[in-house]
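S.K.: Shown below is the structure under consideration.
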Amino acid sequence: MEGGNFTRAYDAVVVGGSLAGAATAIHLAEAGHSVVLLEHSHEYKRKACGEGLFPQGVRELGRLGLLPAVLEQSVRLAGVRFHAGGAVAAATMEGGGGLGVRRKWLDPLVLSRAESAGVEVRRGVTARALLPDGPRLRGVATDSGDVLARVVVGADGLNSRIRRLAGLDVKRRGSRYGISGHVRLNRPLEPFVDVHFERGYELYITPVGKQEANVALLLRKPAMHQFASRLHARYGMVLRAHTALDDACELLDEPLAAGPFVTSCTRPWRANLVLVGDAAGFFDGITGEGMSVALVSARFCAAAVDSYLGAGDYAAFREYAAHRSGLVRNSNMLARVSLTLGSRPPLARMAVRNLQRQPRTFEKLVAINSGEASLRSVRPRDLMALATGR
Ligand SMILES: Cc1cc2nc3c(=O)[nH]c(=O)nc-3n(C[C@H](O)[C@H](O)[C@H](O)COP(=O)(O)OP(=O)(O)OC[C@H]3O[C@@H](n4cnc5c(N)ncnc54)[C@H](O)[C@@H]3O)c2cc1C
């Protein structure tokens, strides 16, 4: 439904209709709550994303009953390959593998699933302000009128306005950016996410079709300046000059930029407001975990809201905060390691060469990153393997 007035009060208002918002709304509606979801854009709008979904995200789509439909439109991913200075390390993904899936297809699917679960979806509505009621909120103000609700869920992405309005923003500017677009190649792609560590940037290639790939560049601010005002031309130049792609690679759309990351919050809730997905914090695109974290944490967020609506105390939000930080801890730590490697090419080459010799260690790290294994599974011999290749 487009815009319109809001004449009733809801159990929950969800701001943002992408993966985190739509999945939270589905779980809440299925728990019997009245939910309205506000999405700023009138129709699906493309966003910068590498479009590689790791196994726990795939399982979450299964929980939402969306897997059969998603499988029809996506490419199975068997694993991840790291490339640096001529060395290549490959790891298969545990937990049934991942998917390369276009957001233009996935996001509307999850949102329409929310509608069929009974969520009142209002497109073309922007949340502008929070409506205070003592220490709590009574809803949000939008450009289509006030929306009254017992709980406000902020699922409005990386540069969350809800997070800022709630005073939960950490005032620290990140220095990393991402640019992504789609290309067609003149050859079929292998079912791997290929990550190339280059001087000054990392290049991610994720198959999303038989001969179509999403290509994402992750880079720091100084390198990002070179793309200013000529994003398309410069992105095309970097891709065509890269040995993993080729002169024949055809750009299929305008590249899109996002950032800066890191974004974070002091905590993902305040009184009867709770944050989910990137709004609750995003460390870096390098681990390729953002969509999975959005989908998995949506389920825990909805459980916390359900419990708050029943008992009226904040204990469930505290538990959600602890759960969420457990969910991202390992991948954030591995992101830090990858960023260190990315900024020191000789170190990246050495680490990739060592992982090439010790694929079990690489597989373990990929499993830890995607929540399939615990950090405790790392043995001293894995650290030795990473450092020496033996
Ligand atoms: C370059 C790059 C590469 C990435 N690669 C990967 C990858 O390969 N795999 C992976 O899993 N993750 C990846 N990610 C991360 C992933 O894209 C995000 O983690 C994911 O999109 C988070 O979903 P979300 O629902 O929290 O937020 P978003 O997808 O950002 O959605 C927020 C929604 O809120 C709406 N909104 C915003 N403000 C308002 C408002 N005031 N009122 C109403 N609506 C509003 C927006 O229109 C939008 O639809 C990447 C990110 C980047 C930048």
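S.K.: Cross-chain or 8 or more residues apart, Cα under 21 Å: how many lysine pairs in the chain fit that? Count them up, please.
M.R.: Values: Lys45/Lys104; Lys47/Lys104; Lys47/Lys221; Lys104/Lys210; Lys171/Lys221.
For the chain, the number of qualifying lysine pairs is 5.
S.K.: Moving to a separate point now. Nearest 10 degrees, 0 to 90: what angle lies between the long axis of helix 359-369 and the longest principal axis of the chain (Cα atoms)?
M.R.: 20 degrees
S.K.: Also, quick follow-up: Provide the per residue accessible area, probe 1.4 Å, for the stretch 23-78, rounded to a whole number of square angstrom.
M.R.: On the way: 2370 Å² over 56 residues.
With all protein chains present, the stretch 23-78 gives 42 Å² per residue.
S.K.: Continuing with the same structure: With N residues in the stretch 333-390, what two-decimal value do you get for its Cα radius of gyration over 2.2 N^0.38 Å? All intermediate terms of the calculation are to be shown ahead of the outcome.
M.R.: Values: Rg = 10.9 Å, N = 58, 2.2 N^0.38 = 10.3 Å.
In units of the globular-protein estimate, the stretch 333-390 measures up at 1.06.
S.K.: Ignoring ligands, DNA and RNA, what accessible area per residue does the stretch 188-256 give at 1.4 Å, in Å²? Don't skip to the answer; put the middle values down first.
M.R.: Working: 3330 Å² over 69 residues.
Ligands and nucleic acids excluded, the result is 48 Å² per residue.
S.K.: Per Stokes-Einstein, at 37 °C and 0.692 mPa s, what whole-number D in µm² s⁻¹ belongs to the chain, with the Kirkwood radius over Cα pairs as the hydrodynamic radius?
M.R.: Numbers: Rh = 21.5 Å.
The diffusion coefficient I find is 153 µm²/s.
S.K.: Going by the alpha-carbon gyration tensor, a ≥ b ≥ c the square roots of its eigenvalues, is the stretch 111-204 rounded (a/c under 1.5) or, if a/c is not under 1.5, prolate (a/b greater than b/c) versus oblate?
M.R.: Cα axes put the stretch 111-204 in the oblate bin.
S.K.: Per DSSP H run of n ≥ 4, the term is -39500 (n - 2.57); total these for the chain, divide by its residue number, and report the mean residue ellipticity at 222 nm rounded to 500 deg cm²/dmol. Each step should come with its number before you reach the end.
M.R.: Working: 12 runs with 146 residues, N = 390.
Result for the chain, helices only: -11500 deg cm²/dmol.
S.K.: At q = 0.17, 0.22 Å⁻¹, what base-10 log of I(q)/I(0) does the Debye formula yield for the stretch 1-54 when every alpha carbon is treated as an equal point scatterer in vacuo?
M.R.: After summing over all Cα pairs, the log10 values are -0.64, -0.93.
S.K.: What list of ³J(HN,Hα) values in whole Hz, one per residue of the stretch 167-175 in order, does the Karplus curve 6.51 cos²θ - 1.76 cosθ + 1.60 (θ = phi - 60°) give from phi, with Gly and Pro shown as x?
M.R.: x, 9, 5, 8, 7, 9, 7, x, 10
S.K.: Can I ask one more? When the accessible area of the chain is computed with all protein chains present and a 1.4 Å probe, what percentage of it is carbon and sulfur? Before the final figure, lay out the partial values.
M.R.: Values: 8690 of 16540 Å².
Summing carbon and sulfur atoms, their accessible area is 53 percent of the total for the chain.
S.K.: Over all distinct Cα pairs, what is the inverse of the mean 1/r for the stretch 74-231, reported as the Kirkwood hydrodynamic radius in Å?
M.R.: Working: mean 1/r = 0.0514 Å⁻¹.
About 19.4 Å, per the Kirkwood formula over Cα pairs.
S.K.: By per-residue mean of other Cβ atoms within 10 Å, what is the highest-first order of 160-166, 226-232, 70-76? All intermediate terms of the calculation are to be shown ahead of the outcome.
M.R.: Numbers: 160-166: 21.7, 226-232: 12.1, 70-76: 16.3.
Put in order of decreasing packing, that is 160-166, 70-76, 226-232.
S.K.: How compact is the stretch 1-143 by the rule of thumb for globular proteins, expressed as Cα Rg over 2.2 N^0.38 Å? Each step should come with its number before you reach the end.
M.R.: Numbers: Rg = 18.4 Å, N = 143, 2.2 N^0.38 = 14.5 Å.
Compared with the compact-globule rule of thumb, the stretch 1-143 sits at 1.27.
S.K.: In whole Å, what is the distance between the alpha-carbon centres of the stretch 75-127 and the stretch 329-390?
M.R.: What the calculation gives is 23 Å, centre to centre.
The values are calculated or read from the model by the stated rules, or taken from the named source; none is laboratory data. All values derive from a computational prediction rather than experimental measurement. With ideal geometry, Cβ positions are generated from the backbone for all residues, glycine too; neighbour counts draw on all protein chains shown. These area figures cover heavy atoms from the full protein model, side chains too; ligands, DNA and RNA do not enter into them. Shrake-Rupley method; radii C 1.70, N 1.55, O 1.52, S 1.80 Å.
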